[in-house]
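The values are calculated or read from the model by the stated rules, or taken from the named source; none is laboratory data. These numbers were taken from a predicted model, which means no experiment stands behind them. Glycine gets a Cβ as well: all are built from the backbone with ideal geometry, and neighbour counts include every protein chain shown.
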Amino acid sequence: MLILSLPDWETLGSDHKGMGVLVQERKKLGIPLHNSTNEMHEMLFESLDWRVTLEPCTFQPYVEAIDSLWKDSGIQEAHRRRSNFKLYESVKYFFNNIHRIGQLNYLPYNQDILYACKVRENLGDHYFELRDSPFTVIKGSVMRYILPKLGKYLDIDTPIFYIIGSSDYDKIFCGDNCLIQSMNTFECLCNSKGLLNCPIILLFNKMDLLAEKIQTSDIRKHFPEFQGDPHRQEDVQEFLVQSFQKRKGNNSRNIFYHMTTAVDTENVRKVFESIKVDIITCILKDSQLL
């Protein structure tokens, strides 16, 4: 099976780098701090060389500063406007757990690992097996690099998992809306002649972030054709599915849709069980047994 993962649109950084981004952007946006004593804490991050990775012992002075700044309404407002700049989504989780993570004897929980992210700067692939099924993950940030790579991995019936950040509807990358970029790539994938027989499993990921974002963000600002309730998750989900369906064109290829939250292991387990049924159904249809 092939997993096609588009860019996450986030920059990787440790906790001090993430807070450094928020400090910098708060000032650019002209958002005042609620607690003036946090100005001293901000100076810690302004004088820091972001290229340096801090060891646990040298990270200690930043723990209280991060905790205090994160509780400040000014930093919270900057975080709420994060679609205007690059910031990896998991900073909220790590900032909320900063005292535990900042301990000298810190050992990561399983949930910490799930929230960790890493930017992949090359177009390399990663192979792994899950329950005796082979998977290959391909990361591609430019469409012309993606399709040529697919041929060597695919048999005539190889399922393709296409992963979308469902909460990316308000994010801009290189001047373009991230969700529209995903739609454009999906359209190219659907209409690639060499891949017409490959079933596509479309995974709308980051449902947890979508549920949080729609409470304060109006999707109509970025997609004026949206007709539903912008603060109702089911309406936004339906719009996302319909938007990608339209990009499929007139071909009769098999496409399946699922809503996922990658950091929720139980959700992922249920989705993969459902995907098994999708794939079996597809095989039976192609074999004219269904």
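Flag: D218 does not match the condition of being surrounded by 13 or more Cβ atoms within 10 Å (Cβ to Cβ), closer than 18 Å to L179 by Cα and not assigned by TED's automatic domain parsing to the domain that holds H79. In the range 222-237, the qualifying residues are those that are more than 23 Å from N84 (Cα to Cα) and surrounded by 14 or more Cβ atoms within 10 Å (Cβ to Cβ), and the one that is farthest from the chain's Cα centre (by Cα) is G228. Identify the residue in the range 151-173 that is in a loop (DSSP other than H, G, I, E, B) and hydroxyl-bearing (S, T, Y) and, among all such residues, is modelled with the lowest pLDDT. That would be Y153. The helices (runs of 4 or more DSSP H) found wholly in the range 1-100 and carrying at least 3 residues that are modelled with pLDDT under 90 and either at positive phi or surrounded by 20 or more Cβ atoms within 10 Å (Cβ to Cβ) (or both) occupy 15-28. Report yes if Q215 is out of contact with any His (no Cβ under 6 Å at 6 or more places or on another chain), in a helix (DSSP H, G or I) and among the polar types (S, T, N, Q), otherwise no. Judged against the criteria, Q215 is not a match. Scan the range 101-120 for residues that are at pLDDT 85 or above and of a type in the set (V, I, T) and the total you get is 1. Contact map, the range 239-250: residues that are within 13 Å of L202 (Cα to Cα) paired with residues that are among the aliphatic types (A, V, I, L, M) and not in a helix (DSSP H, G or I), Cβ distance under 7 Å, separation 6+ or inter-chain. Pairs shown: F244/L202; K248/I255. Residues of the range 180-221 that are among the polar types (S, T, N, Q) and either under 17 Å from S167 (Cβ atoms) or under 21 Å from the mean Cα position of the chain (by Cα) (or both): Q181, S182, N184, T185, N205, Q215, T216, S217. For beta carbons closer than 7 Å, sequence separation of 6+ or different chains, a first residue in the range 160-177 that is crowded, with 17+ Cβ neighbours inside 10 Å and a second that is small (G, A, S), the qualifying pairs are I163/S5; I164/S182; D170/S83; D170/S217; K171/S83. Exactly one condition in (1) free of Cβ contacts under 8 Å to residues at least 12 places away in the same chain; (2) surrounded by 16 or more Cβ atoms within 10 Å (Cβ to Cβ) is not met by E266; state its number. Failing condition for E266: (2). Listed conditions (1) at pLDDT 75 or above; (2) surrounded by fewer than 15 Cβ atoms within 10 Å (Cβ to Cβ); (3) within 27 Å of L240 (Cβ to Cβ) are all met by M207, apart from (2). Within the span defined as the range 231-251, every residue fails to be assigned to a strand (DSSP E or B), within 27 Å of L114 (Cβ to Cβ) and in contact with a Phe, Trp or Tyr (Cβ under 6 Å, 6 or more places away or on another chain).
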